[in-house]
Every structure is written in structure tokens, then in C-alpha cells.
Amino acid sequence: EDFFGFGGRRGGRRAAPPIFSSTAWLGAESYRDLVEDSGESWLVQFYHDWSEPCKDFAPRWEALAAKLPPMVRLGRVNVDQNFGLVQRYRSFVRCRQTVLSVECTVPALVLVTRGDGEELHAESYRGSLSAEAVYEWVKRSLPESRTRISKLKGPRAAEALASFLQPAWAKATAGRRRAAALERGRGTELPRAVIFSSRPIADSIFARHLATRLSPLLSLSSMHVDGGLSSSPEASPEARLAHSLGLRSLPVVALWTEPEEEGSPLDKGRSPPLLLEISERPD
């Protein structure tokens, strides 16, 4: 199956490589400014302009450029014009010196990320150059892959959502323990948000990236609305809940800015969530 419409064959012929690339061209200075001095993850491709394997890979590279940002930015390094960067990554980019030039085994892909101590980490890709395989490798290798997002599911979707929206102190037992928990938790509870999607999204790069970036600001969960926003009597509990909350399209982030101490988010008098539509992502 074609990956996001690129890199396959159309009408029995291989799709032509794009004339222009949507990804950043990296030289010594731009590498320092864009990669080293940023807190973002980068997928870097080392290439030769004249290399047939690089030309074959070009449509798949553009497919990745359509799918990975903003979680991962993509940049290209022309080997013939950036020997210093090639030397820096010589353990990942295999090259040999000829009489007139340097020839490298390309395309070579390197994922550059930041560790906990803000130091740069680099990892090279060894495998099939299909867009799907590269995407899955990036997904496994990102620091965000360690982030886990809870999944709200089951026949009692509304109850699962109500439990997620409750602040920690509301779950304490009644009496003095509850009063003490309330006093400790008052004013410290984060807003709650749930990603409603027609596809399983909790393990996607997008959801993990979002949870990592927003972790100091809110608690994030997800709900898979299997079959989409169907209004039929056989609709899933998740679909019925989504309709009750006022969702009209997917995917959507529903945001509750105030903790729900008791009851259901569907109870009369409850403030409705703020609904933030997001562009459909095929992961």
C-alpha cells in the first residue's frame, strides 16, 4: 500500500521524483542554527545529487516530510558540498575517497534527538528504504516513545471519562482524609484533555509528542471512536459519548479546564468542553 500517496507505482510506472523538496537544506551554519541550537528532533538525509538510489528515494522522502512534522523535522545534507558534516557523522555515513571526489553509500539517514541532559544523540537507520519502515523506526527511536497515554475505552465510556476528569483529591474517602486531600490538591490540578479519534491514536508519534510537550500544562488521554461518529442505534459507546459532548468531526481534542469533582461530564449544568479540531493524521 502506498504510504500517504507517495513512493509507489502509478499506472504501472514508478512515480517520478519531485523536482523540489519541501525539506530544509542543511549546511555547516544552518545545521548549527536549526539542529544544534533547537530543542527539536531531526531526521537528516545525506545524499548525492547524481545518485540513482537517492533519486529513487526522493518520493518516499517527501512522503515522510508530509507525515512526520511537527514531531520531527527533516533536513538534507549534500555530501559533495558539506564534507565537514560528513566527517562529523563518519561512523554513520560510509564513504570512500576517489581521485576527484568522495563517494558515500547514500541515501544515509540519521535521527538526531536530545537526551535528558540536553546533549545531542544520533542514531543511523539500517534497513529497507520504504517510507513505512523508516517511519516505524523513527517512531520507536524518538524520546517521546517512552511517553504513555491512557486509553479510555469499554462499554462504560462515559464512566471512564468521568473517572479521568476527577481530580485526585475527589477519589479520596469521605471524612478527614478527603478534607486533607482536598486541601493538598486545591489549585494544583491540571486541566484534562482527551483526543477523540476514529483511529487508535494513543501510540502514535503525534499523540506522544503532544503529551510530552504539554505534560507541564495538562493531563492527556485518548478515546478511540471505532467506526467514527456513527448515529445509528448500533453505534459504539464511544460514538454515543462523542455525540453527547457535541463532537461533529474527528479527530478532536476535548479540553476541560476545571476538574470535575463528582458526577458525569454529561450531567445537566456541567460546562461543555472546549473542542479543538486537529488535522487528520494517518497514523
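Solvent-accessible surface of segment 37-105, averaged per residue with a 1.4 angstrom probe and all protein chains in place: 48 square angstrom. Among the chymotrypsin sites (Phe, Trp or Tyr not before Pro) in segment 38-95, those placed in a DSSP loop whose Cβ has at most 15 other Cβ atoms within 10 Å are 50.
State the extension gain, in nm to one decimal, for the chain segment bounded by residue 130 and residue 148, taking 0.36 nm per residue of separation less the distance between their alpha-carbons.
Difference between extended and current length: 3.8 nm.
The residue 51 and residue 248 beta-carbon pair, evaluated with R₀ = 51 Å, returns a calculated FRET efficiency of approximately 0.60. Computed from the Cβ-Cβ distance with R0 of 22 Å, the FRET efficiency linking residue 163 to residue 203 stands at 0.55. Remark: the residue 29-residue 140 segment gains 37.0 nm on full extension, using 0.36 nm per residue and subtracting the alpha carbon distance.
Mind giving me the nanometre distance, one decimal, between the label points for residue 232 and residue 38, set 7 Å out from Cα along Cα→Cβ? In this crude label model, residue 232 to residue 38 measures out at 4.5 nm. Each residue was assigned an accessible area with a 1.4 Å probe, and for residue 121 the value is about 90 Å². Start at zero, step by 10 Å, and the Cα-Cα distances of segment 60-176 spread as 10, 29, 24, 15, 10, 8, 4, 1, 0 percent across the bins.
The values are calculated or read from the model by the stated rules, or taken from the named source; none is laboratory data. Just so it is clear, the structure is predicted and the values come from calculations on it, not from any experiment. So basically every Cβ, Gly included, is an ideal-geometry build from the backbone, and we count neighbours across all protein chains shown. Ligands, DNA and RNA are stripped out before the accessible areas are found, and what is left, the full protein with its side chains, is counted by its heavy atoms. Shrake-Rupley method; radii C 1.70, N 1.55, O 1.52, S 1.80 Å.
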